[in-house]
Amino acid sequence: MNAPFHLMRKAACSAPPRLARLRDAQECARIAAFLSRHPAATPFHWPAWLGAVARATGARDVALIQQAEGEIIAYLPLNAVRSPIFGGVIASSGFAVGGGLLLTAGGDGEAMLAAACELAERLALPAIALRGGALPAAGDGWEIRRDAHCGFVRPLAHDDEAELLAVPRKQRAELRKGLAQALTVAVGRAAADRAAHYAVYAASVHNLGTPVFPRRLFAEVLQAFGDDAEILTIRHQGVPVASVLSLYHRGPNGVTVMPYWGGGTAAARRLRANDRMYFELMRHARARGCTHFDFGRSKTGSGAYDFKRNWGFEPEPLAYASWTAPGALRRDADPTSAAHAARIAVWRRLPLSLTKTIGPLIARGLG
């Protein structure tokens, strides 16, 4: 949800924004308490996410906070990303589809984003990307997009049969074919789970023409989130054909599961393994006590967008903001951009083994 700044009144005794002490356990505990109460918090707001990204990619983790009477009233998580191909950016949050500025009553959004712009200039980074949260008005270097991406979230049903009936008829027929296949399901965080997931995910993004993220990014997120991150893998005759790394987020309205990094091999389509994977994740998440399923972000009008709608999820437009420093060129790291079409075409023709070697070096600059 995006809240306009004018609805937030500045607290009379609020302090100016400052850098959070992310290596201080007490400060992180205060941030965790703030996030646990805030209805718009996502897994990508947590210091654990910022730190995992920093350790895996070198994208420095920082955050801005504002306090009043010792309580946090505004919070902005950030990763500082540098790339010789895509340019530098402070992203909220890095390698995430969510993040952005969180405010409570009295939080000063204008002061927080002014501090973010000052930080970007101090770090010699010409851009800021806010992926959700409270947004500024357009102008003064800020551009707002509300038509590029949509999110998909709905409550989980109370049992398997109700979950099946929540899927529209045509897609339900495809799902039933996947449920009839001789496929096995495994959930875990061990080395075998991680190896299967990386192999499937690398093949999947190679087919899309984008570089795979560093293997260490997945490992660091699993380590940082503990039991709130795990891998579900579908195998056919012992071979992984679909796999997803999911995050679990506890908010004021219950526990949400988010399948985040997932994909399937060429055989997955024939086996309906992706359909089976998401249904099995719903089943597993319900057993864990989850109340909601967050299907994640998709570009409006894309194949993934249609796939999620076919599952009965209603798209909710997402609003993102980007800032470009005066005199700097606008950053373009959108894989669907016409500027990258030729690169994507070439990348798809490269051997998978080569893309798994050089892809992470490129992808760590995507942010």
Completion exercise
Placing each pseudo-label 7 Å from Cα in the direction of the beta carbon, residue 15 and residue 170 end up separated by a distance in nanometres of 5.7 nm
Problem - Rounded FRET efficiency, nearest 0.05, which uses the C-beta distance separating residue 105 from residue 330 and R0 of 30 Å - result: 0.30
Problem - Euclidean distance between Cα centres, the range 190-239 to the range 312-327, Å - result: 27 Å
Handout entry: Kirkwood-Stokes translational diffusion coefficient of the range 91-163, alpha-carbon pairs, 25 °C, 0.890 mPa s, µm²/s
Key = 166 µm²/s
Problem - CD proxy at 222 nm, helix term only [per DSSP H run n ≥ 4: -39500 (n - 2.57); per residue of the chain; nearest 500] - result: -11000 deg cm²/dmol
Problem - Correct option for semi-axes √(5λ) of the Cα gyration tensor in Å [calculated from the coordinates] among (1) 34, 24, 19; (2) 36, 29, 18; (3) 31, 29, 19 - result: (1)
Completion exercise
Of every Cα-Cα pair in the range 30-108, the percentage lying beyond 16 Å is 48 percent
Problem - Top of 317, 240, 16 by mean-square fluctuation, Gaussian network on the chain, Cα under 10 Å - result: 16
Completion exercise
Given a Förster distance of 56 Å, the FRET efficiency implied by the Cβ-Cβ spacing of residue 71 and residue 237, rounded to the nearest 0.05, works out to 0.50
Exercise for the section: For the range 140-197, divide the Cα radius of gyration by the Kirkwood radius and give the resulting Rg/Rh value with two decimals. Expected result: 1.18
Handout entry: Angle between the chain longest axis and helix 47-57 axis [Cα atoms, degrees, rounded to 10]
Key = 70 degrees
Completion exercise
Counting only backbone N atoms under 20 Å from a point 7 Å out along Cα-to-Cβ of residue 250, the residues of the range 283-299 in range are 284-294
Fill in the blank from the handout: In a Gaussian network model of the chain with springs linking alpha carbons closer than 10 Å, the residue among 179, 76, 135 that fluctuates most is 179
Fill in the blank from the handout: For the range 283-296, Karplus-derived ³J(HN,Hα) couplings (6.51, -1.76, 1.60; θ = phi - 60°; whole Hz; x for glycine and proline) come out as 4, 5, 5, 4, 5, 7, x, 6, 10, 9, 10, 9, 6, x
Practice task
Compute the signed sum of charges (Lys and Arg +1, Asp and Glu -1) over the other residues within less than 12 Å, Cβ to Cβ, of residue 78.
Solution key: +1
Practice task
Run the dipole for the chain about the Cα centre, Lys and Arg Cβ at +1, Asp and Glu Cβ at -1, nothing else charged, and hand back the magnitude in debye, nearest 20.
Solution key: 1180 debye
Problem - Extended-chain gain in nm, criterion 0.36 nm per residue less alpha-carbon gap, residue 159 and residue 137 - result: 3.5 nm
Exercise for the section: Could you calculate the FRET efficiency of residue 287 with residue 29 from 1/(1 + (r/R0)^6), where r is the beta carbon distance between them and R0 is 25 Å, rounded to 0.05? Expected result: 0.25
Exercise for the section: Give the order of 121, 230, 163 when sorted by the count of other beta carbons within 10 angstrom, beginning with the fewest. Expected result: 121, 163, 230
Handout entry: Equivalent ellipsoid semi-axes, the range 157-290, via Cα gyration tensor eigenvalues times 5, rooted, Å
Key = 22, 21, 12
Exercise for the section: Compute the long axis of helix 25-37 from its Cα atoms, compare it with the longest principal axis of the Cα atoms of the chain, and write down the angle in degrees, 0 to 90, nearest 10. Expected result: 70 degrees
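Read-outs throughout are calculated quantities, based only on the coordinates presented, and are distinct from any laboratory measurement. If you're wondering where the values come from, they're calculated on a predicted model, not measured in any experiment. Reconstructed Cβ throughout: ideal geometry from the backbone, glycine too, with neighbour counts over all protein chains shown.
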